[in-house]
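Peer 1: This structure is in structure tokens; I'll ask about it shortly.
Bear in mind these aren't lab numbers, they're just calculated from the coordinates by the rules spelled out. Keep in mind that this is a model prediction, so the values were computed, not measured. Using ideal geometry, Cβ is built from the backbone for each residue, glycine included, and neighbour counts are taken over all protein chains shown.
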Amino acid sequence: MFATVPNPIPARMKGVNRAEICDQNFVEFVKGWNGPRDVRPAAHEPILDGSALDAQGFRELFESQLISRHLDLMARVLRVQNKVFYTIGSSGHEGNAMVARLTRHTDPAFLHYRSGGFMAERFRKLPGMDPIMDSALSFAASAEDPASGGRHKVWGSKPLWVLPQTSTIASHLPKALGTAVAIEAAPRIGHTLPVPQDSIVVCSFGDASANHATAQTAFNAAAWTAYQKLPAPVLFVCEDNGIGISVKTPSGWIANRFRDMDGLDYFYADGLDLAAGYGDVQAAVEHCRRTRRPTFLHLRTTRIMGHAGTDFEIEWRSIEELCAVEATDPLLRSAAIALESGLMSKDEVLALYEDIRKRCFAAAEEADRRPKLQTLEEVVAPLAPHTPDAVAAEAARADYAERRQQAFGGEAKLPERQPPRHLAIQINNALHDLFCKYPEALLFGEDVAQKGGVYTVTKGLYKAFGPRRVFNTLLDETMILGLAQGYANMGMLPFPEIQYLAYFHNACDQIRGEACSLQFFSNGQYRNPMVMRIASLGYQRGFGGHFHNDNSITALRDIPGLVVGCPSRGDDAALMLRTLAAMAKVDGRVCAFLEPIALYMTKDLYEPGDGLWLTEYPAPDQAMPYGEGRVYGEGDDLVVFTFGNGVPMSLRAAREIERKHGWKVRVVDLRWLVPLNEAYIREQASTARRILIVDEGRRSAGVGEGIITAIVEGGYGARPFKRVVGADTYTPLAGAAFLVIPSEADIVAAADELARA
């Protein structure tokens, strides 16, 4: 039976600090205990009759709960002194320590922010680790924080396989499932895992977050894998406290929603009672590990002390409701178990409680004295690591000649021995090469396998490398990118394909909020390298509209740490893919490769049949330096900066401009769009008499603004310049599409204006 707080605690009025009340509740509850008391159990004996938890295990779990609670209490006190910078606490969720105890420290964990109990308990898995000091350093934003280096308060640990999450709302669920799928997939391609083969993945979240679209994506994909009889050992832990900030979850909603969901095996456990809940948590963990099936653990919790230190619940909840919630504090039940079982006396419980309080405050005071991040360079150091020499060496490494001959069908069929080809074929050749080079490489997405992609860019890869390395996925971009992160977490090199650039926007946060943030928030300890291929941009004829002629690159340009490359011709594409793969492999970078759809099959440049946009395939020991552009022409009268579709358009327009004005025109294909190579742009602008920027992105949100900024900040803003850009509208269907994106005539007209300037 759940023990409740004695009634005569007087401070129940507005303005009273509820953290202080919860603290007082515990002390007064223990002091006032007068219930039954058994003989002290031996360490290996059940803590209570019928419990699956032994006395030693209970004692350690209780201590982990107390550590979590006092970290919360400490944070509330020291936040007002500006010594702590995070007060979203774990109070009421301390029962998640049971999940930590029953899993291994090599089971990758993606955790809810109320995971103090879990972390305190998992710290026991390795000797010499101190959950209190490590947490205090994180709360204090110290540069010595072993999780993030002071960049954010995150639950994370490299040795304990807890991959840091920020204040996510379910956005970590797809990559958790992806990691579970990767654990099972690795041996099938001969890849050595960084964790034991029978590992499971732990993923915790709140009941309110379970309603999020990203969570539903993960649940659906998990059920789909189970339906397909594909193993995916993920333990979804829904910590149900019945409320999301201030919005209550309907009673019974989580159970009714998930109890009978096909493909998701449901377990319930009482996270408020260690003695009663332990066996049910154990059953869920053992089931997940044994069956390798997606498992849903519905863990009952509560939430006391509000959502965070700034959440004054008394302003929107009645005092009676607050008192009722505080009476369900799991630490009260744990204290009752300790006393009722005879394991501890009242004095022993209170002594342990106060000792942990002292340790938490002492650690916090020490953490406050430790160094903080002081410079911008320190802050951004792990965000976008780049080792140019190592990347260049890796990109040019060509020690896989035998595998190449097997893949391409012999020496005579190697792509560099073939006549010039168009962009799509050279991308295909480059992918074949990279899959020979990297046995851990995987390519997946919608329609990429037997069909070879909508535009046949991946044709033949499925046949050459098999269904374990090249495979179709659900039509769900969020899950595609979640899978990519999972495979990367397990040391593989994923090449996810997003079928169209507009589809990326459905899943942008998997790159912005998750993939690109991991190195930053783990201080470089974790990485999820990938090369994301996206069929992109406009000018597609005969098939289009907004979703298939999308020129919105701005969403990509706003992602810290992301690398974005965009070729306009086949040889460039092959060279860039080698460099992007090397950046992922060497520096752990997240890369995006924008493939201009309209140029996939383009053969001619000026006249039908001239074949001037076909290119030879570069030998496998060649690569393109990161950030390097390509220059066409040597003129200074007009310098045109562009990329993608704008390159052949500008070259055609340049012939007309030279004829009309007698100018010598230089066209600069930037090729690398994020980050822009500002030094290169300024170098090209330095000798220009006039500057023209051709950007098919929208006027208010394209690439051109960055080019102009680089030029102006470089001191060349006085040069006459014009910008040819797309209109601020969605792309319509059929011929109307070409009214909203730049044309060759627009480029020539802009040059005419510059001539009159």
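Peer 1: So how strong a dipole does the stretch 56-104 carry about its Cα centre when Lys and Arg Cβ are +1 and Asp and Glu Cβ are -1, to the nearest 20 debye?
Peer 2: 120 debye
Peer 1: Looking at the stretch 18-370, send over the antiparallel percent of its DSSP beta bridges, to the nearest 5.
Peer 2: Antiparallel bridges make up about 15 percent of those DSSP assigns within the stretch 18-370.
Peer 1: Can you report the principal axis dimensions of the chain using only the alpha carbons, biggest first, rounded to whole angstrom?
Peer 2: 100, 56, 45
Peer 1: Right, here's the next one. To the nearest 20 debye, what charge dipole does the stretch 630-756 have about its Cα centre, counting +1 at the Cβ of each Lys and Arg and -1 at the Cβ of each Asp and Glu?
Peer 2: 220 debye
Peer 1: Sticking with this one: Which whole-Hz couplings ³J(HN,Hα) result when phi for each residue of the stretch 181-187 is put into the Karplus expression 6.51 cos²θ - 1.76 cosθ + 1.60, θ = phi - 60°, listed in order with x for Gly and Pro?
Peer 2: Once rounded to whole Hz, the list reads 5, 5, 4, 7, 7, 3, x.
Peer 1: Nearest 0.05, what FRET efficiency do ARG417 and ALA755 give at R0 = 41 Å with Cβ-Cβ as r?
Peer 2: In this case the efficiency is close to 0.30.
Peer 1: Can you sort LYS437, LYS358 so the residue with the fewest Cβ neighbours within 10 Å comes first?
Peer 2: In order of increasing Cβ crowding within 10 Å: LYS358, LYS437.
Peer 1: State the volume of the convex hull built on the alpha-carbon positions of the stretch 109-174, expressed per residue in Å³ and rounded to an integer.
Peer 2: Hull volume over Cα atoms, normalised by residue count, gives 79 Å³.
Peer 1: For the stretch 426-546, treating each Cα as an identical point scatterer without solvent, what Debye log10 I(q)/I(0) comes out at q = 0.14 1/Å?
Peer 2: So the normalised log intensities are -0.60.
Peer 1: Filter the chymotrypsin sites (Phe, Trp or Tyr not before Pro) in the stretch 524-620 to those in DSSP coil with at most 13 other Cβ atoms within 10 Å of their Cβ, and list the result.
Peer 2: PHE543, TYR606
Peer 1: Over the stretch 18-370, what is the relative contact order in whole percent, taking alpha-carbon pairs under 8 Å and six or more residues apart?
Peer 2: Value for the stretch 18-370: 24 percent.
Peer 1: Can you give the convex hull volume per residue for the Cα atoms of the stretch 540-603, as a whole number of Å³?
Peer 2: Per-residue hull volume (Cα only) is 83 Å³.
Peer 1: Taking amide hydrogens as modeled 1.01 Å from N in the peptide plane, which residues meet the under 5 Å criterion relative to TYR268, leaving out close sequence neighbours?
Peer 2: HIS298
Peer 1: Which one, GLN56, HIS44, THR103, projects farthest toward the positive side of the charge dipole computed for the stretch 16-104 from Cβ point charges (K/R +1, D/E -1)?
Peer 2: Positive-end residue among those listed: THR103.
Peer 1: Stretched out fully, how many nm does the piece from HIS505 to ASP54 gain, at 0.36 nm a residue minus the Cα gap?
Peer 2: The span from HIS505 to ASP54 would gain 157.3 nm if fully extended.
Peer 1: Loop only per DSSP, at most 13 neighbouring Cβ atoms within 10 Å: give me the GluC sites (Glu not before Pro) in the stretch 611-696, ordered by residue number.
Peer 2: GLU634
Peer 1: Could you tell me what percent of the DSSP beta bridges with both partners in the chain are antiparallel, to the nearest 5?
Peer 2: 20 percent
Peer 1: Pop out the ³J(HN,Hα) list for the stretch 201-217 in order, Karplus 6.51 cos²θ - 1.76 cosθ + 1.60 with θ = phi - 60°, rounded to Hz; leave Gly and Pro as x.
Peer 2: Karplus-based 3J(HN,Hα) across the stretch 201-217 equals 10, 9, 9, 10, 6, x, 5, 5, 5, 4, 7, 5, 4, 5, 5, 4, 4 Hz.
Peer 1: Treat each spin label as a single point 7 Å out from the Cα along the C-beta direction, and report the GLN216 to LYS229 distance in nm.
Peer 2: 3.0 nm
Peer 1: Size of the dipole of the stretch 341-456 about the Cα centre, Lys and Arg at +1 and Asp and Glu at -1 on the beta carbon, nothing else charged, in debye to 20?
Peer 2: Computed about the Cα centre, the dipole is about 380 debye.
Peer 1: Shifting gears a bit: What relative contact order, as a whole-number percentage, does the stretch 630-756 give when Cα pairs under 8 Å and 6 or more residues apart are counted?
Peer 2: Rounded, it is 28 percent for the stretch 630-756.
Peer 1: Something else: Using a Förster distance of 25 angstrom, determine the FRET efficiency expected from the C-beta separation of PHE312 and GLN81, and round it to 0.05.
Peer 2: 0.85
Peer 1: Rounded to the nearest 500, what is the chain's calculated 222 nm mean residue ellipticity when only DSSP H runs of at least 4 contribute -39500 (n - 2.57) each, over all residues?
Peer 2: Value at 222 nm, helices only, nearest 500: -11500 deg cm²/dmol.
Peer 1: Multiplying the sequence separation of SER700 and THR456 by 0.36 nm and subtracting their Cα-Cα distance, what value in nm do you get?
Peer 2: Contour length minus Cα-Cα distance gives 84.5 nm.
Peer 1: Report the normalised scattering of the stretch 388-599 as log10 I(q)/I(0) at q = 0.13, 0.15 Å⁻¹, calculated by the Debye formula with identical scatterers on the alpha carbons.
Peer 2: Those come out to -0.69, -0.93, one per q.
Peer 1: Using only C-alpha positions, report the orientation-averaged shadow area of the convex hull of the stretch 158-304, nm², one decimal.
Peer 2: Dividing the Cα hull surface by four gives the mean projection, 9.4 nm².
Peer 1: I've got another one for you. Please report the antiparallel percentage of the DSSP beta bridges confined to the stretch 630-756, to the nearest 5.
Peer 2: Of those bridges, close to 20 percent are antiparallel.
Peer 1: Next question. For the chain, what's the relative contact order in percent, using C-alpha pairs closer than 8 Å and at least 6 residues apart?
Peer 2: Here the relative contact order equals 12 percent.
Peer 1: Binning every alpha carbon pair distance of the stretch 332-398 at 5 Å from zero, what are the percents per bin?
Peer 2: Going out from 0 Å in 5 Å bins, the stretch 332-398 shows 3, 12, 10, 9, 8, 8, 7, 7, 7, 8, 6, 5, 5, 2, 0 percent.
Peer 1: In addition: Can you give the log10 of the normalised intensity I(q)/I(0) at q = 0.09, 0.12 Å⁻¹, computed with Debye over equal Cα scatterers of the stretch 18-370?
Peer 2: For the stretch 18-370, the Cα-only Debye profile gives -0.47, -0.85.
Peer 1: Karplus couplings for the stretch 286-299 from phi (6.51 cos²θ - 1.76 cosθ + 1.60, θ = phi - 60°), rounded to Hz, Gly and Pro as x?
Peer 2: Each residue of the stretch 286-299 in turn: 5, 5, 4, 5, 6, 8, 6, 9, x, 10, 10, 9, 8, 9 Hz.
Peer 1: Two-decimal Rg/Rh of the stretch 628-713 from alpha-carbon positions, Kirkwood Rh?
Peer 2: Computed over Cα atoms, the ratio is 0.94.
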